[in-house]
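Just below is one structure, and these are the notes that go with it.
The values are calculated or read from the model by the stated rules, or taken from the named source; none is laboratory data. Given the structure is predicted, the values throughout are model-derived calculations rather than measurements. Here the Cβ is made from the backbone with ideal geometry for all residues, glycine too, and neighbour counts use every protein chain on show. Note: areas computed on protein heavy atoms with side chains; ligands, DNA, RNA excluded. Shrake-Rupley method; radii C 1.70, N 1.55, O 1.52, S 1.80 Å.
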There are 2 protein chains.
Amino acid sequence: MNEAQASAGIRLHAQMAAVGELLRRYHAAVGETLNEATTADSAAVEDILGQLRDLLDALHPADVAYILESLPPEDRLAVWHRVKSDRDGEILLEVSDAVRESLIADMDQGEILAAVEPLDADELADLVEDLPEEVLPELMASLDAQQRERVQSALSYEPDQLGALMDFEMVTIREDVSLETVLRYLRRFDELPAQTDKLFVINHENVLTGVLPLHWLLVNSPDKMVSEVMAPDVNTFAPDDDAYHVAQAFERYDLVTAPVVDASGRLIGRITVDAMLDLIREESESEALSRGGLREGEDIFASVWASLRNRWAWLAINLVTAFVASRVIGLFESSIQQLVALATLMPIVAGIGGNSGNQTITMIVRALALDQITTDSAKRLWRKELLVALVNGLIWGGAIGVIAWLLYANIALGIVMTAAMTLNLLLAAFCGVGIPILMERFGRDPAVGSSVMITAMTDSGGFFIFLGLATVFLT
Amino acid sequence: MNEAQASAGIRLHAQMAAVGELLRRYHAAVGETLNEATTADSAAVEDILGQLRDLLDALHPADVAYILESLPPEDRLAVWHRVKSDRDGEILLEVSDAVRESLIADMDQGEILAAVEPLDADELADLVEDLPEEVLPELMASLDAQQRERVQSALSYEPDQLGALMDFEMVTIREDVSLETVLRYLRRFDELPAQTDKLFVINHENVLTGVLPLHWLLVNSPDKMVSEVMAPDVNTFAPDDDAYHVAQAFERYDLVTAPVVDASGRLIGRITVDAMLDLIREESESEALSRGGLREGEDIFASVWASLRNRWAWLAINLVTAFVASRVIGLFESSIQQLVALATLMPIVAGIGGNSGNQTITMIVRALALDQITTDSAKRLWRKELLVALVNGLIWGGAIGVIAWLLYANIALGIVMTAAMTLNLLLAAFCGVGIPILMERFGRDPAVGSSVMITAMTDSGGFFIFLGLATVFLT
């Protein structure tokens, strides 16, 4: 990326408005037949499309991707067709998965091959899973042996392993040369790989022996040898490391790039802060999506059918848990018939349990993500959370109990309400600590689905506790 | 940070275990009087503390911070007292707000001043709000004029404005010199500011005229002039820019550092990718916290009282909304008495509305954060979401309606159930698009609280729709 492109970011919204204006003029010129370029033969239309092309050419690929994501499907494809074909690949890399699908669906096999061929091996590996299966054999055949091997290596790792995210654009040097030699060597490059902040020092067996930050190359005398200046002990990672933990290391140590080595210490790739930034953003996004009950990111202009498929899984789970809670209530229909106030008050008991349980679980999930919970501290946490729940139950439960007593002139009902709220809060605290710890122990991601589980527990549990107590003591 | 420290990250867990082991031996040696260093005078205890000190000295400040966060309060302070006092400042910068509070509470005025004096202006500004008020006058007096001015400038911005996050460690050069001169100039530095990936080119009025990436300095011939090589057009930001938007630009354009300029183009600071990485992580964390019903990050070992204060605000809001929903049910007590199945089925209607509304709102909040919703697209979104809700209502509502009919042998009840679920899903879709867009229009952050609002709407709305329909058609 060069600086001139980057500066476009500031003007992004103006340019988006300009694209919108050109699309409006285009619509006006060709009527409603936007996708049929054949009808667009008048000089006016040609002029508009030319302007659109020029505008897109001047934009950074990430900005074109952003504009494509913001447009409804027909306009999106109209803009996509105006992008120079040699930029298709880098733009496909930048758009969201959902939008990428819609763009690839519109391309024929030749266009796809032409788009992805200029990409690097790691970028290619990112795209491969979204490409139609029939282009893969031809694509792999078109790569040279090294590229093919790198793509296959990247594909052999899980998406959350470092091996799937590393790139291969490294500048390597030997330690027995002077900094002057290194400076002369670098001048032979047209440009250095993006985000290069250090050179990797390797021996003749390709084993990493140190790193030379560009800073140190610049502040030290050119007469010094690399071996005098380099740092022998570096923050290296392995290709099967959990990428999210590596991202935490990047954040903790303010890294820009880091080497990836195999088990015998040989340099096999590097990882950059921009990949980590993308990862952190994607991770937090997918967490927000799953918490909100969506399976994956959704193109805001997705078809109704695509939206339904994305959302059905969680709606179905919710319906099942709601149905279970409803059957719990069903057990106590005769008590409710005798004292209809129970039906009125029961959502309060379930609600406060769900809210409080989600507070606990949010805190525990965060501590688990940072690896800050040990067996010893889990016990302390349980004690603390149960105590917090007890205090909350007595105070809030007491307050609502008094209100229920006054509303229904029934002191026993008020006492049952207080007791039920306290017990449900204790249940919420117990499960709020236990569910994420158990999920972690069984190798599941505690951020996904634990909120649904706790709400299911506190709903059914809350109804059972409240209606059960009422049945025993009030009817 | 130097590379040797960074590599410690990989060994972090081993070192944490070593700290834990030393603490256990220390506990065993001094009994339970851990905080009273006076009792620790035996040689064995001195030896343990010496080992702890050595271990901590070898750790990166971020790793010490991590260990402090993972320890319960007494152990945390025992470790904190063993940290060399000249590292206190950088460690305080790294710990979470809640833990920072507990550490500062344990320091006297002299210790605090000694800890923060070595910090840079932007770091100092980060800490100032957590320091006891009485140290501030003395602290400000101890700074030189430039430092004081910078701290005050940083404090004059909101925490989410770039001015509060920028630092002042820039290397500036003139454009009328050769690269050779620049290389010689850099060799006069002992080290370059962390993460420096470009030099800022300014004229005699301090106006930024371009940037010279280190890469270009290295690959170009030293005979060239800076003006020939530099990029005149750069991605500059203003101190009152929204930091979160700047972080998106960093992500989009893979930036490492960027200049901050005032209205007349004068260079006043720079912003680095590590500040942006912290910001994105904090933003996603605070979103997760508020979604989970916590006001702020909580030290997992916080006292019960501190936890209660952190959680009460949201519990109170939840109780109010649950109470309103309960009063809505209260309106229909006579209908429930006639047909107790209504009490059993009503949580299903409310639940599916809440779940579906949260799906919609999650998607809209994300699109709003990316600025991808225009007035025109809002209308399309509403149409799409209402259609999705209608289909979901007919299918899921229909299924549950059939189950209700079979369970209670009452076909009218099944039809009312289907109608109520469909209507509540439509309400959820309407509010799910409308609430975040309205919040955004009124300048509020749509990520905070919109989930609570939608759930309140679909609870009360769901009960009202279902019980209302039932009252009209069934009783």
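Side notes on the structure shown:
- Of the candidates A:78, A:44, A:62, the single residue that is assigned to a helix (DSSP H, G or I) and at pLDDT below 85 is A:44.
- Residues located in the stretch A:137-170, provided they are open to solvent by less than 50 Å² (accessible area, probe 1.4 Å), free of Cβ contacts under 8 Å to residues at least 60 places away in the same chain and among the hydrophobic types (A, V, I, L, M, F, W, C): A:139, A:140, A:143, A:151, A:154
Listed here are the residues, each with its yes/no results for (1) at the interface with chain B (Cβ under 9 Å from one of its Cβ atoms); (2) more than 15 Å from residue A:432 (Cβ to Cβ); (3) assigned to a helix (DSSP H, G or I).
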{"residue": "A:324", "(1), (2), (3)": "no, yes, yes"}
{"residue": "A:356", "(1), (2), (3)": "yes, no, yes"}
{"residue": "A:399", "(1), (2), (3)": "yes, yes, yes"}
{"residue": "A:403", "(1), (2), (3)": "yes, yes, yes"}
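- Residue tally, condition more than 16 Å from residue A:440 (Cβ to Cβ) and within 9 Å of chain B (Cβ to nearest Cβ), over the stretch A:368-389: 5
- Of residues in the stretch B:312-334 being of a type in the set (Gly, Ala, Ser) and crowded, with 22+ Cβ neighbours inside 10 Å, the one farthest from residue B:408 (Cα to Cα): B:322
- Selected residue (only one of A:260, A:273 is open to solvent by less than 10 Å² (accessible area, probe 1.4 Å), of a type in the set (Val, Ile, Thr) and more than 9 Å from chain B (Cβ to nearest Cβ)): A:260
- Flag for residue A:111 being within 23 Å of the chain's Cα centre (by Cα) and not in a loop (DSSP other than H, G, I, E, B): no
- Within the stretch A:15-41, the set of residues being among the charged types (D, E, K, R) and at pLDDT 75 or above comprises A:21, A:24, A:25.
- Residue match in the stretch B:427-445 (condition: in contact with a Pro (Cβ under 6 Å, 6 or more places away or on another chain), at pLDDT below 95 and among the acidic types (Asp, Glu)): yes
- Here residue B:76 fulfils each of the conditions (1) of a type outside the set (Gly, Ala, Ser); (2) open to solvent by less than 10 Å² (accessible area, probe 1.4 Å); (3) more than 17 Å from residue B:298 (Cα to Cα) apart from (3).
- Some residue of the stretch B:196-215 being modelled with pLDDT of 90 or more, open to solvent by less than 20 Å² (accessible area, probe 1.4 Å) and of a type in the set (S, T, N, Q): yes
- Set side by side, the residues B:266, B:295, B:281, B:309 differ, and just one is surrounded by fewer than 20 Cβ atoms within 10 Å (Cβ to Cβ), closer than 25 Å to residue A:284 by Cα and more than 9 Å from chain A (Cβ to nearest Cβ), which is B:295.
- Scope the stretch B:143-197; condition over 16 Å from residue B:262 (Cα atoms) and aromatic (Phe, Trp, Tyr); matching residues: B:185, B:189
- Subset of the stretch A:358-383 [in contact with a Ser or Thr (Cβ under 7 Å, 6 or more places away or on another chain) and in a helix (DSSP H, G or I)]: A:358, A:361, A:365
- No other residue among A:260, A:201 is more than 30 Å from residue A:371 (Cβ to Cβ) and either in contact with a strand residue (DSSP E or B) (Cβ under 8 Å, 6 or more places away or on another chain) or without any contact (Cβ under 8 Å) to a residue 12 or more places away in the chain (or both) apart from A:201.
- Verdict on residue B:90 being under 21 Å from residue B:278 (Cα atoms) and assigned to a helix (DSSP H, G or I): yes
- Of the residues contained in the stretch B:184-197, one or more are found to be in contact with a Ser or Thr (Cβ under 6 Å, 6 or more places away or on another chain) and within 12 Å of chain A (Cβ to nearest Cβ).
- Filter pass, residue B:126 being open to solvent by 20 Å² or more (accessible area, probe 1.4 Å) and assigned to a helix (DSSP H, G or I): yes
- Tally, over the stretch B:223-233, of residues that are crowded, with 19+ Cβ neighbours inside 10 Å and touching a residue at least 40 places away in the same chain (Cβ under 8 Å): 3
- Matching option when the condition is under 18 Å from residue B:224 (Cβ atoms) and among the hydroxyl-bearing types (Ser, Thr, Tyr), among B:156, B:178: B:178
- Which numbered condition residue B:417 fails, given (1) free of Cβ contacts under 8 Å to residues at least 24 places away in the same chain; (2) under 23 Å from residue B:472 (Cβ atoms): (1)
- Note on the stretch A:297-321: residues that are of a type in the set (S, T, N, Q) and not in a helix (DSSP H, G or I) amount to 1.
- Residues in the stretch A:428-455 that are surrounded by fewer than 22 Cβ atoms within 10 Å (Cβ to Cβ) and not in a loop (DSSP other than H, G, I, E, B): A:430, A:434, A:437, A:438, A:439, A:440, A:441, A:452, A:453.
- Residue A:236 vs. criteria of a type in the set (Val, Ile, Thr) and open to solvent by 20 Å² or more (accessible area, probe 1.4 Å): yes
- Under the condition of being among the hydrophobic types (A, V, I, L, M, F, W, C), buried (at least 22 other Cβ atoms within 10 Å of the Cβ) and within 29 Å of residue A:330 (Cβ to Cβ), the residues counted in the stretch B:383-422 number 8.
- Filter pass, residue B:362 being at the interface with chain A (Cβ under 7 Å from one of its Cβ atoms) and closer than 21 Å to residue B:413 by Cβ: no
- Considering only residues in the stretch A:335-346 that are surrounded by fewer than 24 Cβ atoms within 10 Å (Cβ to Cβ) and facing another protein chain (nearest Cβ under 7 Å), the one that is nearest to residue A:395 (Cα to Cα) turns out to be A:340.
- Criterion applied to A:180, A:158, A:175, A:191 was being of a type in the set (Asp, Glu) and either part of a helix (DSSP H, G or I) or at pLDDT 95 or above (or both), and the one residue passing it is A:180.
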